[in-house]
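Taking it in order: structure first as structure tokens, then the write-up.
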Amino acid sequence: MKQFKLPDVGEGLTEAEIVRWHVKAGDPVKVNQIIVEIETAKAVVELPCPFEGVVAALMADEGETVDVGRPIISVDDGTGTDPAPVPA
């Protein structure tokens, strides 16, 4: 199991809003597949998935503002490793 954290998309921004998910729990994902659109103070950006597997959970809702570094999606990559939960 792997978690994808909201990356720093540059320009020193510390948060972004989840605009639209392109996947849901149970969907298969591939490396570099676009999984979510986020909006920063400067632009709307599509984020690709950095790994392959099956979406286990979306960890942020559309319309929610998320801090950089917070996990936004959990993907079951078949390794069986379950990361420790991250407090909200």
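The values are calculated or read from the model by the stated rules, or taken from the named source; none is laboratory data. From a predicted model like this one, the values you see are computed outputs, not experimental measurements. Virtual Cβ from ideal backbone geometry, glycine too; neighbours counted across all protein chains shown. Calculation scope for accessible area: heavy atoms of the full protein, side chains included, ligands and nucleic acids excluded. Shrake-Rupley method; radii C 1.70, N 1.55, O 1.52, S 1.80 Å.
Other residues whose C-beta falls under 12 angstrom from the C-beta of Asp67 contribute a net charge of -2, scoring Lys and Arg +1 and Asp and Glu -1. Taking every Cα-Cα distance in the chain and sorting them into 10 Å bins from zero, the calculated P(r) comes out as 18, 53, 27, 3 percent.
Net charge in the neighbourhood of Pro7 (other residues with Cβ under 13 Å of its Cβ; Lys, Arg +1, Asp, Glu -1) is -3. Summarising the amide proton neighbourhood of Val68: residues at separation of 5 or more, or on other chains, whose placed amide H is nearer than 5 Å comprise Glu15, Ala16. Using the Karplus relation 6.51 cos²θ - 1.76 cosθ + 1.60 with θ = phi - 60°, the per-residue 3J(HN,Hα) values for region 31-37 come to 4, 6, 6, 5, 10, 7, 10 Hz, with x marking Gly and Pro.
Across the accessible surface of region 20-64, with the other protein chains kept in place and a 1.4 Å probe, carbon and sulfur atoms take up 51 percent. From most to least packed by mean Cβ count within 10 Å, the peptides 27-33, 61-67 give 27-33, 61-67. Taking all protein chains into account, the per residue accessible area for the chain stands at 58 Å² (1.4 Å probe).
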